[in-house]
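Participant: Questions regarding the structure given below will be posed in turn.
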Amino acid sequence: PDAKPDGVIVVKVLLDEVEESWAEQDAELFVTDSDNIIFMASHPELRMNALYPLSDEQRDALRETRRYAMEPLTPSGIQLNTPYGPGSYLVSFAHGPLSGGRYLSLTRPIPEFGWQMHILKPLTPVMNAQWIAAFMAGGLYGVIALAGGIGWQRLRLRREREAFAERERQTLAHVRDELEVSVERRTRDLVASNQRLSDEIEERRRAEANLRQTQDELIQAAKLAVLGQLAAGINHELNQPLAAIRAYAENARRFIELSRIESADANLAQIVELTERMADISAQLRQFSRKSSERQETISVQACIEYALRLFHSRLKEGSVQVEQQWAEATLWVNADLVRLEQVLVNLIGNALQAMKETPSPVLTLRAEVIKDQVVISVADNGPGITKQHLGHIFEPFFTTKAPGSGLGLGLSISSRIMEDLGGKLQATNLATGGACFTVTLPRSTAPEPSTARLKQENQPHA
């Protein structure tokens, strides 16, 4: 025991390569000696740090050994949080290079040297792995739950579709039954409505036929009324030839008794001429009084006016009426019903003569002209004209300004209706120089074929 060493042999071992290999690990490693001083570490900053804080006595003892020279032996800042078993703790560092993280510390002794090996496994990868595992487990559970939910949803939807299809089938069957009943009821209603409509149409046809017949009868009555007004003049027109025929017949008998055959023949020739004149008058009356065939044809406007004017020959002569005829030499043609157009002109001329009955110098102006593909026939007089309050009512049925018993007020109304049926119009105005003017407007037509015109002249000489 009293022996003294002769000398000291110091062996230095370089551990840099070992520490560098530790730096490549995914854990933090360091080694402490029996005094809990870290002398090897994967982090160089931890080297020569005290694992736990040292007391003053421990520091003085370590300085006397001069093992660590003048190193400050700063505490590493390790904090033991939760033990997990022998030599295993959940640790963290209050400062230093490993601060800010949590680690699982495993301590293993190295008894040959009195050292301890410390392995610090970071918890972040472990926690991430746990979270990933949890997410994967949750995802798997979610997938399973989703698959189960989808399956249940599909089953529920299938059952709902089946229930809906059944309800739809029942609803459609119910609707079909109601529709069949409604269609049957509607069909009965339509059949009844069609029958009523057919009855109404037939009734309307009968009413229109009756109306047309009534109109024709009114037109015919109006023509007969005009003939009644012309009766006195016609009587005079017939009495003159009859008196002359009687005189010529008596003269012819006397000449025969005297054997003057040539003189008797001359008297008989005069009788023939007078009978032809009477036949013309009769033909005019028969032509005017006949009913219309309601057949429109191409007729001459000038010839129609002249024919209507011939019916008033006696009245014109008795009233000393001056007649002015104003139209071009070329024949104007219109497509109309001859009898009805003649009746309109006869009514207008008769009204004009009636209006000029008290006029000192009566003038009847008849004009025919073409204005924009329309033939306009004017019948004007120089009488007193039509008052403003009467001008808007003269075409109304039964409206008349004549004395009672002189007319029914149907002439102008019937004439206006006739012009509408012929596709034309009848208008009345007052002349600035005095008197009234009635205008008949009809679409212009082209001249008929020569054979047709010749046939019409044979059947209707006046037009």
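The values are calculated or read from the model by the stated rules, or taken from the named source; none is laboratory data. It should be emphasised that the depicted structure is a prediction, and the values quoted were computed from it without experimental measurement. Don't worry about glycine lacking a Cβ; one is built from the backbone with ideal geometry, like all the others, and counts go over all protein chains shown.
Participant: Six or more apart or on different chains, Cβ under 9 Å: which pairs go from a residue in segment 249-270 that's of a type in the set (A, V, I, L, M, F, W, C) to one that's not in a helix (DSSP H, G or I)? Could you list them?
Facilitator: Ala264/Leu258
Participant: On to the next question. Mind telling me which of the residues Leu98, Leu123 ends up being closer than 30 Å to Gly77 by Cα and not assigned by TED's automatic domain parsing to the domain that holds Ile38?
Facilitator: So the residue among Leu98, Leu123 that is closer than 30 Å to Gly77 by Cα and not assigned by TED's automatic domain parsing to the domain that holds Ile38 is Leu123.
Participant: In addition: Of all residues in segment 19-35, count the ones that are surrounded by fewer than 17 Cβ atoms within 10 Å (Cβ to Cβ) and modelled with pLDDT of 70 or more.
Facilitator: Residues flagged as surrounded by fewer than 17 Cβ atoms within 10 Å (Cβ to Cβ) and modelled with pLDDT of 70 or more within segment 19-35 amount to 5.
Participant: When segment 174-191 is examined, which residues are found to be more than 33 Å from the chain's Cα centre (by Cα) and aliphatic (A, V, I, L, M)?
Facilitator: Answer for segment 174-191, where residues must be more than 33 Å from the chain's Cα centre (by Cα) and aliphatic (A, V, I, L, M): just Val181.
Participant: Looking at (1) surrounded by 13 or more Cβ atoms within 10 Å (Cβ to Cβ); (2) at pLDDT 50 or above, which is the one condition that is false for Lys456?
Facilitator: If we test Lys456 against (1) surrounded by 13 or more Cβ atoms within 10 Å (Cβ to Cβ); (2) at pLDDT 50 or above, just (2) comes out false.
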